[in-house]
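The structure appears below as structure tokens.
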Amino acid sequence: MKIYLDMIGCRLNQSEIEIMARQFTAAGHSLVADPAEADLAVVNTCTVTAAAAADSRKTIRRLSRSGIEKIVTTGCWSTLNPDQAQKLPGVIENVTNANKDELVAVILGLNQEVFDQEPLERIIIPGSRLRTRAFIKAQDGCRHNCAFCITTVARGESRSISRENVVENVRAAVRGGAQEAVLTGVQLGSWGKDFDTSLELHDLVLAVLEETQLPRLRLSSIEPWDITSDLIDLIREERVARHLHLPLQSGSADVLRRMTRANTPGQYEQLVDQIRESVPGIAITTDILTGFPAETDLEFREGLDFIQRMNFADGHVFTFSAREGTPAADFQDQVAHSVRKERSSLIRNLIAENAEKYRQRFVGSELTTLWEQVETLKDGFQQAIGLTDNYLRVEAPAPSDVWNSFSGVKITEVTHRGVRGEIVNQ
């Protein structure tokens with residue numbers, strides 16, 4: 001059977017379809033890049049925002065129009081909206097997040113133990129979800145309940161994957177050719193806290209560094225209150241990417257309190273200062289949620305000033321959308337949609353300006369880049385596109401196919417969303 005895998009949303013969703021890819025191929029099936037060639041599609045949906053939920057539905061409808069007659073849905077949107085999912089064209093089955101780990105076994109009528117007996121080799125997903133980096137699921141669910149977040153409802157309580165399992169999955173990724181792995185989770189920083197003997201994320205990072213030959217390890221989003229001094233020390237290691245994504249959500253203390261976030265702007269700023277002092281050149285990126293209920297003009301300006309002071313290397317800006325099932329959906333004083341959009345635009349522009357200033361710091365520097373894409377230009381020359389450890393998107397002329405390899409690159413100029421450079425050593 002020919003399988004097409006797709007997802008919407010976070011890196012955790014990517015890591016989960018990579019697990020499915022390994023299981024489908026281990027069972028003798030093949031993956032295809034073109035949905036028109038597929039006998040079956042699996043869509044890992046998202047509902048973190050109204051836009052993500054809409055994208056999930058659009059993706060399912062698009063795959064049905066491509067000719068796929070059998071579609072299986074899973075993920076956060078279809079878990080919370082199973083009846084809607086089942087009514088979409090082509091959907092033959094909906095698997096909730098609670099049963100997602102057994103999805104492939106259920107579809108194929110196999111015993112899950114078939115996949116659990118030994119580690120499966122990494123399979124690169126063809127098509128739009130092709131990644132040189134391996135996304136490794138280390139944790140699921142969340143220990144915290146932010147007032148705006150539907151993910152805890154869809155994913156449940158925090159659950160850690162064993163250190164041994166994560167390490168073995170990293171080893172399998174390395175055997176499959178991965179030069180970089182990204183540890184992912186809903187609340188990655190809570191990893192290990194639910195074990196009988198409590199562990200910390202730095203214990204897992206240390207195990208990966210000591211027990212695998214992975215060239216580069218990257219951490220996905222971590223809540224600021226989960227960052228420890230021990231973890232910061234490990235980020236100084238050469239094999240750990242100098243990049244932390246620390247969701248801020250708002251720079252206003254009062255808005256953060258209404259969001260039931262577990263830190264204040266002052267604590268956040270102190271943490272960022274500590275990280276930057278310890279790890280020179282590190283990229284600190286963030287998430288901002290604007291237009292939260294009752295956000296006043298004064299609170300917005302306070303938050304904007306704080307974001308300016310943080311000088312983020314980049315960030316995602318989300319416009320608040322009420323998610324049924326969250327406390328914030330019932331809050332009074334909902335901000336007008338036109339005001340939300342205006343505020344989002346101002347924050348996006350500010351973060352873009354600061355991101356460009358961050359990239360400008362590295363012009364003239366030599367940075368090691370992992371090439372994720374190589375394309376042939378109209379003149380016949382090749383251009384490589386990749387990422388540095390501090391999350392700069394690099395473009396450079398490529399003398400040969402450098403895909404999935406490291407190069408030293410001298411950065412020559414800043415582009416709209418990244419930098420351009422010249423390969424100086426392979």
Ratio of the Cα radius of gyration of the stretch 1-108 to 2.2 N^0.38 Å, where N counts its residues: 0.95
Alpha carbon Rg of the stretch 65-135, scaled by the compact-globule rule 2.2 N^0.38 Å: 1.28
Dipole magnitude of the stretch 268-426, debye to nearest 20 (Cβ charges: Lys/Arg +1, Asp/Glu -1, about Cα centre): 320 debye
Placed amide H near VAL317: partners under 5 Å, 5+ positions off or other chain: ILE288
Positive-pole candidate from ASN13, GLY176, ALA355, dipole of the chain, charges at beta carbon: ALA355
Fraction of accessible area attributable to carbon and sulfur, the chain (%, probe 1.4 Å): 47 percent
Theoretical gain in end-to-end length, GLU211 to ARG236 [0.36 nm per residue, Cα-Cα removed]: 7.2 nm
Karplus-derived HN-Hα couplings along the stretch 82-96 (A = 6.51, B = -1.76, C = 1.60, θ = phi - 60°), whole Hz, x at Gly and Pro: x, 5, 5, 4, 5, 7, 6, x, x, 6, 9, 7, 10, 10, 6
Cβ charges +1 (Lys, Arg) and -1 (Asp, Glu), total dipole of the chain, debye: 1040 debye
Sequence-distant residues sharing a close amide H with LEU31 (under 5 Å, placed H): ILE3
Calculated Rg and Dmax of the stretch 93-134 using C-alpha coordinates, Å: 12.7, 31
Size descriptor, Kirkwood hydrodynamic radius, that averages inverse alpha-carbon separations across the stretch 1-57, Å: 11.9 Å
Value at 222 nm in deg cm²/dmol, rounded to 500, when DSSP H runs of n ≥ 4 in the chain each add -39,500 (n - 2.57): -10500 deg cm²/dmol
Stokes-Einstein translational diffusion, the stretch 40-96 - Kirkwood Rh over all Cα pairs, 1.306 mPa s, 10 °C, in µm²/s: 148 µm²/s
Probe 1.4 Å, accessible area per residue of the chain, Å²: 44 Å²
Under the Karplus curve 6.51 cos²θ - 1.76 cosθ + 1.60, θ = phi - 60°, whole-Hz ³J(HN,Hα) for the stretch 44-56, x wherever Gly or Pro sits: 8, 8, 9, 9, 4, 9, 4, 5, 5, 4, 5, 4, 4
Listed candidates (i) 24.2; (ii) 21.3; (iii) 22.6 - label of the one calculated as Kirkwood radius over Cα pairs in Å: (iii)
Across LYS357/LYS410; LYS58/LYS137; LYS70/LYS137; LYS137/LYS193; LYS2/LYS70; LYS58/LYS87, pairs whose alpha-carbon gap is larger than 21 Å: LYS58/LYS137; LYS70/LYS137
Gap separating the Cα centres of the stretch 270-345 and the stretch 359-418, nearest whole Å: 30 Å
Where labels lie 7 Å past Cα in the beta-carbon direction, separation of LEU108 and ALA54 in nm: 3.7 nm
Virtual paramagnetic centre 7 Å along Cα→Cβ of PHE195, amide N under 14 Å, in the stretch 226-270: none
Linear extension gain, THR25 paired with ASP83, 0.36 nm per residue minus alpha-carbon span: 17.9 nm
Cβ-placed point charges (K, R +1; D, E -1), dipole of the stretch 1-136 about Cα centre in debye, nearest 20: 640 debye
Proximal lysines relative to LYS341, as straight alpha-carbon distance under 17 Å, when same-chain residues fewer than 8 apart are discounted: none
Restricting the stretch 307-354 to GluC sites (Glu not before Pro) in coil, as DSSP defines it, with at most 16 other Cβ within 10 Å: GLU324
Karplus-derived 3J(HN,Hα), 6.51/-1.76/1.60, for each residue of the stretch 405-418, Hz, glycine and proline x: 9, 9, 9, x, 10, 8, 7, 10, 7, 9, 10, 4, 10, x
THR368 long-range amide H proximity, modeled H, under 5 Å: ASP389, VAL409
The chain - share of DSSP beta bridges that are antiparallel (%, nearest 5): 40 percent
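The values are calculated or read from the model by the stated rules, or taken from the named source; none is laboratory data. As the structure is a prediction and not an experimental result, all values here were calculated from the model. With ideal geometry, Cβ positions are generated from the backbone for all residues, glycine too; neighbour counts draw on all protein chains shown. Note: accessible area is taken over every heavy atom of the protein model, side chains too, but ligands, DNA and RNA are not part of it. Shrake-Rupley method; radii C 1.70, N 1.55, O 1.52, S 1.80 Å.
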